[in-house]
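Let me begin by presenting the structure, written as structure tokens, before commenting on it.
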Amino acid sequence: MKRLTASAAFFLAAALSVGAVPADVTYTEGDASVRLKNGTQKDAEIGAVLNTGDTLKTGGDGQAELDQKGVTIKIARNTVFTLMEKAQGNQSTSVLSVTLGSIKFHYNKLTGTEPQVRTNGALAGVRGTDFTVFAGADGSTLFTVDSGEVSVEAGGQTVALDAGQGVEVPLGQPPGGTFAVHSDQQDYRTWNADKLAAMLADPLAALGSVETAMADYIKNVGDYAASYQEYRQRLDAERQKRAQIFTEQGADAAQKYEQDVVTPLALQAGYLELNVRFYALAALSLRRFVAGRLYVILKARSIATPTDPTWVSFTSRFDALLASFEKSIAPQLVAVDI
Amino acid sequence: MQKHLLRRVVPVLACAVALSLSSCATFQRWGDQGAVRQVTGEIKAANAPALAARSVTPFLLDGEIVLIPSDVADFWAGVLKAGFTIDGATLDAGAAVSPQSYQKFADTMEVKAFFSRYVKSGSRILELNTASGTHVLLLVKSDWFTWKIIGFKGPF
């Protein structure tokens, strides 16, 4: 029995890790740090390897460059970048997450299994070789493509970008119209300053966008968690049946049942669990780098005027947002995620 | 021989006295008041760079965990620009952090994890009464005489 369980666990772990592609740190400058999946923080050093769940953060004078099996990832100043993983169909796939700041991607060659690129409000499928992603303080995203193609999906709608085109995706909304642009024409600092100014001009509208995006993440977490529970129950039942077959028909019959029935179910449960974690971590990223930063800025502005009506309305809705997060997302997180 | 013995014994005795003093409630309160004076002094002097330098990240603001150092610096600059003062601050209570201390900030999974991961044992949690309400300061020791701010809450 132990032999069966161990081999199944190995197969399951190997199958689930197929899409996880590590990235090597090839260049750093100034303030660049790494936060590993286990919560350990250290300076980013050339030669370090980032795995799924690891985050690279640059400060005001920091830059870094990664190589992920033929993908060059140039991380600019004041940027937060995380290697993530999600299930798509019957396989896991790498997701390059730009939480804040700007990153330029260069694909040396296209293999058809390129990792997706996500921000707080959009997901991009890559068929291009050079493109840039800006992730703004308000959660909005700007994609610009220099060569190849990129398809950008948000709010259930997809826009295809060709070389020389860009699109902006407001948080919680579908992509806007495409426009002609070259990445060198866009300055992140100016673009982000405009986003920040608009956010602070109407913080309740900005919070509304966060609420919409968070509701979407909460729905995804709930749906995948419910499916996962269903598969776990089926898996438990099938494992009992396998034990019964082992007793009644012997090891060979039990091993065949393991391969034909139990392992596929375990794989499917693993993929569902992977997506529960993916959407929970995406929700945490939205909560920390968009909602939380908005709170901190508004708190500073309102600390001497705590009865300001906008601040009072904001905190009331913000508390409700946090209550939803605590109820639906926090149970899927662990202390090292924080 | 006696001089040699004294040279060994005196430092040990000094350490023992310092250790016993550090566990003494009066000494702790004296230390807490000194830390409060350092922080409130910088707020009264509207010295945002000093407050930023005194703060560490991750930083806890109410129930929000701030990970980016420039956000903490911007917060202190923002509160001082908004005219925030901490007039008449008196130390209402001071205690070493305990497993329940996170509840002083927010009773959430995130804040509980923040305390377990980032707040070292021996850190102090201080409640201040001010003209604008109550504040909570969460301080970690940087060296023998300097405290760093790792959390700030209020006014409430």
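A short reminder: the numbers here are calculations on the coordinates, not readings from a lab. Please read these numbers as outputs of a predicted model, since none were measured by experiment. Note that each Cβ is placed from the backbone with ideal geometry, even for glycine, and that neighbours are counted across all protein chains shown.
Summary table
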read-out	value
Within the protein assembly as shown: Cβ-based charge dipole about Cα centre, in debye rounded to nearest 20 (Lys, Arg +1; Asp, Glu -1)	1900
Residue-by-residue Karplus 3J(HN,Hα) for region B:96-103, coefficients 6.51, -1.76, 1.60, Hz, glycine and proline x	6, 4, 10, x, 9, 4, 4, 5
Cut-off 10 Å between beta-carbons: net charge of the residues surrounding residue A:199, Lys and Arg +1, Asp and Glu -1	-1
Value at 222 nm in deg cm²/dmol, rounded to 500, when DSSP H runs of n ≥ 4 in the protein assembly as shown each add -39,500 (n - 2.57)	-14000 deg cm²/dmol
Whole-number percent relative contact order across region A:21-186, with pairs defined as alpha carbons under 8 Å at least 6 apart	13
Chain A - percent relative contact order, Cα under 8 Å, separation 6 or more	13
Shielding of B:60-68 by partner chains, average beta-carbon count, 10 Å	6
Euclidean distance between Cα centres, region A:309-334 to region B:101-136, Å	19
Farthest toward positive dipole pole in region A:204-337 [+1 Lys/Arg, -1 Asp/Glu at C-beta], among A:247, A:207, A:330	A:207
Listed pairs A:74/A:299; A:37/A:86; A:37/A:195; B:44/B:120; A:37/A:74 exceeding 23 Å between Cα atoms	A:74/A:299; A:37/A:195; B:44/B:120
Acute angle (nearest 10 degrees) that the helix A:263-286 long axis makes with the longest principal axis of chain A, alpha-carbon atoms	20
In degrees, nearest ten, helix A:2-16 long axis to first principal axis of chain A (Cα)	30
Most positive-pole-ward Cα, B:149, B:26, B:76, against dipole of region B:25-153 from beta carbon charges	B:26
Cα-only Debye scattering, region B:25-153: base-10 log of I(q)/I(0) at q = 0.18, 0.19 Å⁻¹	-0.98, -1.11
Distance from region A:32-86 to region A:167-234 (C-alpha centre basis), Å	22
Global geometry of chain A, whether rounded, prolate or oblate, following the gyration tensor of its Cα atoms and the 1.5 cut on a/c	prolate
Charged-residue dipole, Cβ positions (Lys, Arg, Asp, Glu), region B:25-153 about Cα centre, Debye nearest 20	340
Dipole in debye (nearest 20) - region A:243-338, about Cα centre, beta carbon charges: Lys, Arg +1; Asp, Glu -1	840
Cα lying deepest toward the dipole's positive end in the protein assembly as shown, options B:134, A:136, A:51, charges on Cβ	B:134
